[in-house]
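This report concerns only the one structure given below.
The values are calculated or read from the model by the stated rules, or taken from the named source; none is laboratory data. Everything numeric here is computed off the predicted structure, so don't read it as measured data. Here the Cβ positions follow ideal geometry from the backbone for every residue, glycine too, while neighbour counts run over all protein chains shown. Quick note on the areas: whole protein, heavy atoms, side chains included, nothing else; ligands and nucleic acids left out. Shrake-Rupley method; radii C 1.70, N 1.55, O 1.52, S 1.80 Å.
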Amino acid sequence: MNSNRVKLLFICILCGSFFSFGQDNLVTLNLKKGEVFDILFLTTREGSQEIFKEYRQTAFPVASEMGFSPLPGFKIRETVQGNYEPTSLILAKWTSLASREKFLDEIEERVPNFHDMRKKIWSIFNLTYYELSDDYSIQLDREKVIVATACFKKENTQADFTEFLTQWKKAVKKTNGTLKMELVNGKSPKGYVYNPDYMVITQWETKEDFNAFQKENLKMDADFLKNVNQFALSD
């Protein structure tokens, strides 16, 4: 892939627009064991285009040098649960945990105004990254209902949380949903902390199926949960 193509992908995902490989409605994510998967929740400030241009020209080459690759991103169409309301979900990957954390350690020295630019570009910028223990090949269809859910449990509630997740997954399957990717043991860098105990991307065939799941979900005991954020990425 040439450098202009890479830059175009980077611009598309960080602006929160849709971009996919292959068919227009399909998003394919190919991830390998040992790579690091980034999930970012963003809200872009109005009038930040010029600062973003500087950010792209200074920060992106360093990220690329250290093993960063952009992946397709999504606009958040609706916050279904929770009072946290970012407008975009952005995905990316790095070649390894070492390369991901090297970037975090060195970027401020390489680009001194890195964090200041981020504050001026995004009013919400929260990041969780995951070292992958398996290979993944995931296909998401934007003509169906794609949902990202983040669950935060209270302390000393692991047994209840495990049972809740078992029932939650059964409800997904019962309502024609598919678990596309489950993520645990994430990390967040200082200043951008958003680290749920369980992050999952699911897909339902229709809006009616998802509505049926929500009814099942509301019946579940969730007193041991600290918070749940759920976002519809596609209708």
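Evaluation of Lys219 against the conditions (1) without any contact (Cβ under 8 Å) to a residue 40 or more places away in the chain; (2) under 22 Å from the mean Cα position of the chain (by Cα) shows that the sole unmet condition is (2). The requirement of being on the phi > 0 side of the Ramachandran plot, of a type outside the set (Phe, Trp, Tyr), open to solvent by less than 70 Å² (accessible area, probe 1.4 Å) and out of contact with any Gly (no Cβ under 6 Å at 6 or more places or on another chain) is not satisfied by Gly186. Looking at segment 125-151, which of the residues that are in a strand (DSSP E or B) and among the small types (Gly, Ala, Ser) is farthest from Tyr198 (Cα to Cα)? That would be Ser137. When restricted to residues that are closer than 22 Å to Leu31 by Cα and either open to solvent by 20 Å² or more (accessible area, probe 1.4 Å) or basic (Lys, Arg) (or both), segment 115-143 contains 10. Scanning segment 52-96 for residues that are free of Cβ contacts under 8 Å to residues at least 60 places away in the same chain, outside any loop (DSSP other than H, G, I, E, B), open to solvent by 20 Å² or more (accessible area, probe 1.4 Å) and farther than 24 Å from Ile138 by Cα yields a total of 6.
Restricting segment 99-114 to residues that are in contact (Cβ under 8 Å) with a residue 60 or more places away in the chain and not hydroxyl-bearing (Ser, Thr, Tyr), the residue that is surrounded by the most Cβ atoms within 10 Å (Cβ to Cβ) is Arg100.
On inspection, Trp168 fails the criterion of being under 12 Å from Val147 (Cα atoms) and open to solvent by less than 80 Å² (accessible area, probe 1.4 Å).
Looking across segment 150-160 at every residue that is over 14 Å from Gly186 (Cβ atoms) and in contact (Cβ under 8 Å) with a residue 40 or more places away in the chain, the one that is least open to solvent (accessible area, probe 1.4 Å) is identified as Thr157. If you filter segment 16-51 down to residues that are acidic (Asp, Glu) and open to solvent by 50 Å² or more (accessible area, probe 1.4 Å), you find that the one that is modelled with the lowest pLDDT is Asp24.
Would you mind telling me which numbered condition in (1) surrounded by 14 or more Cβ atoms within 10 Å (Cβ to Cβ); (2) at pLDDT below 95 Ser3 fails? It is condition (1) that Ser3 fails. Restricting to segment 169-208, give me the number of residues that are part of a loop (DSSP other than H, G, I, E, B) and of a type in the set (Lys, Arg). Here the count works out to 1.
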